[in-house]
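Below is one structure, written out as structure tokens, with a few remarks after it.
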Amino acid sequence: MKKENMIITTHRRIARDVYEMELEGDLVQETAGPGQFLHILPPLSDSMLLRRPISICKTDKKNSRLTIVYRAEGKGTNQLALAPVESRLDVMGPLGNGFPAADVPAGEHVLLTGGGIGVPPLYDTACNLREKGIELTTVLGFSDKGAVFYEEPFRELGDVYVATEDGSYGTAGFVTDAIAGENLFFDRIFACGPVPMLKALETAYPKARGSISLEERMGCGLGVCLACVCHSREDTDGTDYRKICSDGPVFSWGEVLL
Amino acid sequence: MKKENMIITTHRRIARDVYEMELEGDLVQETAGPGQFLHILPPLSDSMLLRRPISICKTDKKNSRLTIVYRAEGKGTNQLALAPVESRLDVMGPLGNGFPAADVPAGEHVLLTGGGIGVPPLYDTACNLREKGIELTTVLGFSDKGAVFYEEPFRELGDVYVATEDGSYGTAGFVTDAIAGENLFFDRIFACGPVPMLKALETAYPKARGSISLEERMGCGLGVCLACVCHSREDTDGTDYRKICSDGPVFSWGEVLL
Amino acid sequence: MSRMSVSLPGLEMKNPVMPASGCFGFGEEIGALYDLDELGAVALKATTLEPRYGNETPRVAETASGMLNAIGLQNPGLKKVISEKLPPLASRDVPLLANIAGSTMEDYEAVADALSSTGAVGALELNISCPNVKQGGIAFGTDPALAAELTERVKAVSNVPVYVKLSPNTSDITRIAEVVEKAGADGLTLINTLTGMKIDRKTGRPLLANQAGGLSGPAVKPVAIRMVHALRQQTTLPIIGMGGIMEAEDIIEFIMAGADAVAVGTANFTNPFICPELIAELDGILENEQVDHLYDLRAEEAGVR
Amino acid sequence: MSRMSVSLPGLEMKNPVMPASGCFGFGEEIGALYDLDELGAVALKATTLEPRYGNETPRVAETASGMLNAIGLQNPGLKKVISEKLPPLASRDVPLLANIAGSTMEDYEAVADALSSTGAVGALELNISCPNVKQGGIAFGTDPALAAELTERVKAVSNVPVYVKLSPNTSDITRIAEVVEKAGADGLTLINTLTGMKIDRKTGRPLLANQAGGLSGPAVKPVAIRMVHALRQQTTLPIIGMGGIMEAEDIIEFIMAGADAVAVGTANFTNPFICPELIAELDGILENEQVDHLYDLRAEEAGVR
Ligand SMILES: Cc1cc2nc3c(=O)[nH]c(=O)nc-3n(C[C@H](O)[C@H](O)[C@H](O)COP(=O)(O)OP(=O)(O)OC[C@H]3O[C@@H](n4cnc5c(N)ncnc54)[C@H](O)[C@@H]3O)c2cc1C
Ligand SMILES: Cc1cc2nc3c(=O)[nH]c(=O)nc-3n(C[C@H](O)[C@H](O)[C@H](O)COP(=O)(O)OP(=O)(O)OC[C@H]3O[C@@H](n4cnc5c(N)ncnc54)[C@H](O)[C@@H]3O)c2cc1C
Ligand SMILES: Cc1cc2nc3c(=O)[nH]c(=O)nc-3n(C[C@H](O)[C@H](O)[C@H](O)COP(=O)(O)O)c2cc1C
Ligand SMILES: Cc1cc2nc3c(=O)[nH]c(=O)nc-3n(C[C@H](O)[C@H](O)[C@H](O)COP(=O)(O)O)c2cc1C
Ligand code: FES
Ligand code: FES
């Protein structure tokens, strides 16, 4: 883990309120697999104390660069959207434990399921799996056509299905509708997105092998403050928990209570 | 009074921690004589709520421009020092009542006395007086040589004497030492600087005609909040006061309690 | 009734926004910048029986997302307020909330009686929460028995509704609210400032001449929101919420927490045009989100009224 | 004695800076980032008799120059703290201030007795000011009689000095300080968090699962400074000051106000390396200004000790 002022090398809007930013810095060398995240201090502000957790979407160790994709939603990410190329960003990372892409045995077929702003970490995961020669299918869910991003990059790595809630693009409905409708086959599933999506997946495929990535409001991002805990599923007396920032954000299928 | 986002047209350091900034905007048309001030919101910050009062140092109505000179001292002025040329500054003004330069009868000789960061409003005053053909002498006081600024511009308008507290430049001592030492003659005196300087002047020349400009921490700058009051000298029951922002910042010699 | 209008005892407001007491004087200066009739109401600077100079300067200091003030209730006194300050305001189409303060209960009674009889003010705001005066003020606001007695006595002499302005400098604001409600208060306004201090690095001593001052601005908004929320669970009295409002979204937060109207203080110093700007911005949000009335923004159980 | 070292009951500190309770866990995670021996001391996360999960999430929210938290005293419980958390810290060269909490006085006694007997902790910090738990916590901190009794009982069982951590959610912190001093407290730490709330614009309801939370960060610094200053006028007990420290100049402000040492909380989240950075920055300032000892920065009359 490093804390450094990374340089913004590219920054552009790729969908409604969604931005892609490339950052350069030493911490890229410390990444340990897809699904880890950065903890970013909103720039151009001196009244925001909390960092924003943003997943690493793509890693390019050779050039010490990585890419993030984020939605300008609240105060902090809207500030982020204003940061000019070549300016510096106060970044901590890499943090957390990502998808166990390294553990996928050859010959398995992996289903990647991403919802909205949960899509980015799956892209790095997809790249990682393809490098190992693992087959994959991707299902992406968005609210509507204007929110869709990264369909093309994923398509270069395998089949892609898109679902939109309002039916303005791809399958009408949720990712689960697309998976069932297309009768998709998989040995393992990696998912990231809103809790209702993750819940629907764990309910639909209770015996699946795989992992989910969770979000929670964070303080430290390091496991110090206990802002980001969740209950483990086998918790008996109410005190067993996981810290999303440092035990996660990726957990085994069924490991935690959603 | 206007509140507008003025454009920074030039910005440079002119002495240790002292900066000169030229601003362009419509409010320049509303200036009504030298010694008024602007109320400037520190840029590049979202945690500072209070504006900073800064005197107008030079007015150029033809080009809708004015100049300010300020010392980067605390948080807000240090932020100001970072503002790049061509960026915009949230400015309210012109505010307050300046030096009664218009009331100086022809033939009088005016002594301008400025201490440290109290010098800037006297420059506009000097220009104004010279335009009317009034003779003037300027005495400027600074802590030391490195703090001296605007000696040359004043010299173009009349005699200039400089005093430094540590004697590293000009007369050693305070402006009062320079005035006494040089045996300066004047019909009227306009002064701006730290309260001890103003007090020393009013004590040394109790019968002088003239005006002083005062500083105080301000809230509104408009006469609303009563942050910036001072006692009037003829106050009998402790309730008579002046608001520095809207009754001042310039007051007649002896009008207020220092 | 428009989507912005709100109706409170003594205050029929076109919109929920009023400048807060002490941050607008008597409307003279800012009244020269825009038409005061655009405002929902105007809360006036505290009036005391006798003229007051207040504390020595410095009286304000900046803090992170906030400011400290120790004005000390400077005002021209009851007589001048009635003869000089109220008449220009009385002719306008905007209700007035007259803030009253004093060192003794008798002071409060005299000011309340006189101001409420002018016909110019819609309601009184009983300031029992000023942290910047030695006598009276905040003592009345932290001792439940005193707060109740004062409210009762002022209610007895007042010809208009009486709002009590509560202090956040207490371990239990619900207790004070409860007793002033029982004593007859027609509404609550909160919060006044939190007591704070800044040290002058150059001298090592408190920067404000009064040493301590009242903290206001966005820094205190969470404290204000929590108190408004807590009181909304306990009472149906109208609540005028304030503390750190800088944007229309802040107003919405107060309304959601349970306020019926809001007051804007410190923000007037950052931007003297803020009140009409907030009113327009808020109306734009309601328009955009197709909300019939401001109060419909509230979650169901939150809206007691 | 160096210009930075300070000596407090049970805490011989190389410098005046310690991370604040709850903002550093038990030092495991940040201890991996730098050498904890650089710190003046370490205040540990609150320990309760039984393990606690704390409140549901969301547990934190951002506010202007501040944050709200409602962790709810999550901790592994006394047994595990002694068996797992203390040993790695005990071997280090940095004094520990163990924060203790409970729902009943008996809880506090049991935790105080056990922790103070380990030989690992230099002093106890009696947390009577946590706003995020239903029982105990803050009730002990706002009722003078309870605060005094609890202090007395904990003092009776403790083998190390006892600091009492005070709540700012009170109309009169001097009263609580007075009674806990009489009850035998060896020092005071303040401030804990101010109760606050944020509303979730999307739902219209409180954003934190616990509804209210504790406000910390620079927003509350003026409140903290004023309380430290007020208590310094009243007592010679050592004071550990905290609330909003982000820069070395903030530490100086607390020392000038009368604190003998300081704690840094929220800033550890903004920058986990902050404590050693502040220590170096502060030492640089003393060097620059040729100050023999930190306390010499104080105005003469301010330094009681
Ligand atoms: C492990 C992890 C990875 C993430 N990866 C991405 C990503 O790749 N792209 C992306 O767009 N978003 C991602 N998010 C969500 C992102 O962190 C939030 O959208 C963002 O913090 C919102 O900040 P804001 O300034 O827009 O909102 P504000 O409302 O201003 O934020 C206020 C506070 O709430 C927190 N917060 C608000 N919403 C969320 C949320 N949904 N999750 C966590 N904290 C929140 C903020 O971090 C901040 O502390 C991720 C979240 C987590 C936990
Ligand atoms: C009418 C008037 C005209 C002025 N003209 C000039 C000028 O032309 N050039 C110049 O360099 N300075 C001038 N000053 C002083 C200038 O306002 C302060 O130096 C400046 O506000 C300090 O702000 P800061 O951000 O550096 O300090 P901070 O310590 O960050 O300021 C905190 C708060 O204190 C106020 N404050 C601090 N010092 C002063 C002070 N000396 N006077 C008034 N408020 C203060 C600030 O406005 C702010 O509200 C003038 C002051 C007044 C009242
Ligand atoms: C400079 C100043 C003067 C104030 N004077 C008064 C006053 O006279 N009476 C009063 O009840 N409140 C007074 N207040 C408190 C405000 O009315 C308001 O309760 C508080 O500032 C919180 O709102 P804000 O954060 O929007 O400023 C004053 C506040 C400030 C900043
Ligand atoms: C996330 C978080 C957890 C905290 N947990 C505790 C705690 O367990 N015990 C305690 O006494 N104080 C706790 N506090 C309060 C801090 O120790 C400190 O008193 C307060 O945050 C003010 O300091 P700051 O502004 O530097 O954060 C906690 C604060 C935060 C932000
Ligand atoms: S964010 Fe602090 S423990 Fe996870
Ligand atoms: S600064 Fe508000 S009255 Fe002068």
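Eigen-decomposition of the gyration tensor built on the alpha-carbon atoms of the stretch B:101-213 gives equivalent ellipsoid semi-axes of 21, 16, 12 angstrom, largest listed first. Here the sum of -39500 (n - 2.57) over DSSP H runs of 4 or more residues, divided by the residues of the protein assembly as shown, equals -6500 deg cm²/dmol at 222 nm, to the nearest 500. Per-residue mean of foreign Cβ neighbours for D:209-215 is 3 (Cβ atoms of other chains, 10 Å radius).
Here is how far apart the residue D:299 label points are across copies: 4.7 nm, shortest first, using a point 7 Å from Cα toward Cβ. The separation of the stretch C:4-59 from the stretch B:1-74, counted between C-alpha centres, amounts to 30 Å. Accessible area buried by the pairing of D and C, both sides summed with a 1.4 Å probe, works out to roughly 3000 Å².
Overall shape of the stretch B:131-183 was characterised from the C-alpha gyration tensor. The equivalent ellipsoid obtained from it has semi-axes of 21, 13, 6 Å, in decreasing order.
Summing +1 for each Lys or Arg and -1 for each Asp or Glu among the other residues whose beta-carbon sits under 14 angstrom from that of residue D:287 gives -4. Each other copy holds its own label point for residue B:60; taking that point as 7 Å from Cα along Cα to Cβ, the gaps run 4.5 nm, nearest first.
Taking one quarter of the surface of the C-alpha convex hull of the stretch D:1-63 gives a mean projected area of 6.8 nm².
Protein heavy-atom surface of the stretch A:20-115, 1.4 angstrom probe: 46% of the accessible area is carbon and sulfur, with nucleic acids and ligands not counted. Heavy-atom accessible area buried between chains A and D is around 2600 Å² (1.4 Å probe, both sides summed). Shielding value for C:262-268 is 2, the average number of Cβ atoms from other chains within 10 Å of each residue's Cβ. Among residues other than residue A:139 with Cβ under 12 Å from its Cβ, the summed charge is -4 (Lys and Arg +1, Asp and Glu -1). The alpha carbon convex hull volume per residue for chain A rounds to 120 Å³. In the stretch A:2-95, with Lys and Arg counted as +1 and Asp and Glu as -1 at Cβ, which of these residues, A:53, A:8, A:23, has the Cα nearest the positive end of the dipole, that is, farthest along it? Highest projection toward the positive end goes to A:53. For the protein assembly as shown, a Kirkwood hydrodynamic radius built from all Cα pairs, placed in the Stokes-Einstein relation at 25 °C and 0.890 mPa s, yields a translational diffusion coefficient of 77 µm²/s.
For the stretch C:48-154, pairs of C-alpha atoms spaced more than 24 angstrom apart make up 30 percent of the total.
Hey, for a label at residue C:288 modelled as a point 7 Å past Cα toward Cβ, could you say which residues of the stretch A:1-39 have their backbone N under 20 Å away? Residues passing the 20 Å test: A:15-19.
Distance distribution P(r), the stretch B:155-253, all Cα-Cα pairs, bin width 5 angstrom from 0: 2, 11, 17, 21, 18, 11, 10, 7, 2, 0 percent. Of the residues C:272, C:217, C:238, the one whose Cα sits farthest towards the positive end of the charge dipole of the stretch C:181-272 is C:217 (charges of +1 on Lys and Arg Cβ, -1 on Asp and Glu Cβ, taken about the Cα centre).
Output the pairs from B:132/B:207; B:2/C:202; A:2/C:198 with a Cα-Cα distance over 28 Å in this structure; if there are none, say none. As for pairs spanning more than 28 Å Cα to Cα, those are B:2/C:202; A:2/C:198. Of the residues A:73, A:151, A:24, the one that moves most in a GNM of chain A with alpha-carbon contacts below 10 Å is A:73.
In the context of the full set of protein chains, residues of the protein assembly as shown present 36 Å² of accessible surface per residue (probe radius 1.4 Å, heavy atoms only).
Only counting protein heavy atoms at a 1.4 Å probe, give the residues of the stretch D:56-75, ordered by number, whose accessible area falls by 50 Å² or more when the other protein chains are present relative to the chain alone. SASA drop of 50 Å² or more in the stretch D:56-75: D:57, D:60, D:62, D:64, D:65, D:74. Taken about its Cα centre, the protein assembly as shown carries a charge dipole of about 380 debye when Lys and Arg each add +1 at the Cβ and Asp and Glu each add -1 at the Cβ. The three principal axes of the C-alpha atoms in the stretch C:155-299 carry coordinate ranges of 56, 40, 29 Å, sorted with the longest axis first.
Take each residue of peptide A:137-149, count the partner chain Cβ atoms within 10 Å of its Cβ, and average: the result is 0.
Across chain D, how large is the tail of the calculated P(r) beyond 34 Å, expressed as a percent of all Cα pairs? Of all Cα-Cα distances in chain D, 14 percent exceed 34 Å.
Protection proxy ranking of C:163-175, B:127-139, by the mean of other Cβ atoms within 10 Å over each peptide's residues and highest first, is C:163-175, B:127-139.
Across the alpha-carbon set of the stretch B:2-95, the Rg to Rh ratio works out to 0.93, Rh being the Kirkwood radius.
Note on the stretch A:216-258: Cα-Cα pairs beyond 17 Å make up 27% of the total pair count. Ranked by the mean number of other Cβ atoms within 10 Å of their residues, highest first, the peptides D:18-24, B:181-187 fall in the order D:18-24, B:181-187. A simple count of charges around residue D:34, restricted to other residues whose Cβ falls under 15 Å of its Cβ and scoring Lys, Arg +1 and Asp, Glu -1, yields -4. Rounded to the nearest 20 debye, the dipole size of the stretch C:1-123 about its Cα centre is 120 debye, using +1 on the Cβ of Lys and Arg and -1 on the Cβ of Asp and Glu. Here is how far apart the residue B:204 label points are across copies: 8.7 nm, shortest first, using a point 7 Å from Cα toward Cβ.
The values are calculated or read from the model by the stated rules, or taken from the named source; none is laboratory data. Values in this document were obtained by computation on a predicted structure and should not be read as measured data. Every residue, glycine as well, gets a Cβ built from its backbone with ideal geometry; the counts of neighbours run over all protein chains shown. Areas reflect the complete protein model, heavy atoms only, side chains present, ligands, DNA and RNA absent. Shrake-Rupley method; radii C 1.70, N 1.55, O 1.52, S 1.80 Å.
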